[in-house]
1. Kindly rank 3-9, 112-118 from highest to lowest mean number of other beta carbons found within 10 Å of each residue.
2. Work from the charge dipole of region 14-179 (Cβ charges, +1 for Lys and Arg, -1 for Asp and Glu, about the Cα centre) and give the residue of V145, L62, G117 farthest towards its positive end.
3. If each residue of separation counts as 0.36 nm, what is the full-extension length gain between L125 and T151 once their alpha-carbon separation is subtracted?
4. With charges set only on the Cβ (+1 for Lys and Arg, -1 for Asp and Glu), what does the dipole of the chain come to about its Cα centre, in debye to the nearest 20?
5. Under 20 Å between alpha carbons, and skipping anything fewer than 8 positions from K172 in its own chain: which aspartates and glutamates qualify?
6. Can you list residues from other chains, or at least 5 along the same chain, whose modelled amide H is less than 5 Å from the amide H of E121?
7. Return the distance in nm (one decimal) between the two label points of a simple spin-label model at A69 and F169, each offset 7 Å from Cα along Cα→Cβ.
8. Taking 0.36 nm per residue of separation and subtracting the Cα-Cα distance, what length does fully extending T8 through K177 add?
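Read-outs: derived from the displayed coordinates by stated rules, not from any lab. The structure presented is a predicted model; accordingly, all values stated were derived computationally and were not measured. With ideal geometry, Cβ positions are generated from the backbone for all residues, glycine too; neighbour counts draw on all protein chains shown.
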Amino acid sequence: MNIPIRNTRDAYGLIAQFFHWLIVVGITLQYIWAWRADETDSIRLEYQLVVQHKSIGMTVLLLAVLRIAWRLFNRPPALPDGMSGWQRFAAAFTHWALYGLILCMPISGWIYSSAAGYGAEFYGLLDIPDLVGTSEGLEDVFHDVHELLGTALLVVAGVHVAAALQHHFIKKDDVLKRMLPKWN
C-alpha cells in the first residue's frame, strides 16, 4: 500500500482517509449504541451503553476538529472536470453540512447530558466538564435538538454516500476511489 500522507490532486492522503473512515466507524457505532440503549429492558445495560455513547461521541468530536483542521491546511483533491456548477455547489454544501453536523451532534449531546445532570466522561478515564447547569427546560430542548441533528446527519450522509456511489457506478469516475487506500 502506497498512500501519501498529504492529499494530492487526484486522491486524499493517509491522514484525511484515516480521519474520514474513523469518523464513519464512530458515527456508525453511535447509531448502534443509541438504538441498543433505546431498545434494552436492562437499566444496567442502558446505562453502560449511554456512557459508551458519550465517550464515542467525544471521540468523534475530537476527530472532527482534527479532520477540519487538516482540511483547512491540506486542500482536498480537485473535483472532476465534467461536474456542472450546481453539482460542485452541492458537493461543497454537502461536505460542509456533514462537518457542521458531525460537530453539532456531540456538542448537542454534551449540552443535553449536562442539562440532565449526567455529565460526560471519557472512557472512564476522565470526567468532562458540563457545558451548562442542570435545567429540565434545556434538557428537553437539547434532547429534541440531538435527535433532529441525528436525523439530519443520516439524511446528509445518505446523500453523500449516494453521490459517491453514483460517481463510481454511473459516471465511472474516481471520486469514490479517492477516499480509498490504493493497494499496489
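1. Values: 3-9: 13.6, 112-118: 19.7.
Those peptides, ordered most packed to least, come out 112-118, 3-9.
2. Of V145, L62, G117, it is L62.
3. Working: separation 26, 0.36 × 26 = 9.36 nm, distance 3.01 nm.
Gain on stretching L125 to T151: 6.3 nm.
4. Numbers: 14 positive and 16 negative charges, 286 e Å.
Here the chain has a charge dipole of around 1380 debye.
5. Partners within reach: D10, D81.
6. I128
7. Spacing of the two 7 Å Cα→Cβ label points: 3.8 nm.
8. Details: separation 169, 0.36 × 169 = 60.84 nm, distance 1.29 nm.
Taking 0.36 nm per residue and subtracting the Cα distance, the gain is 59.5 nm.
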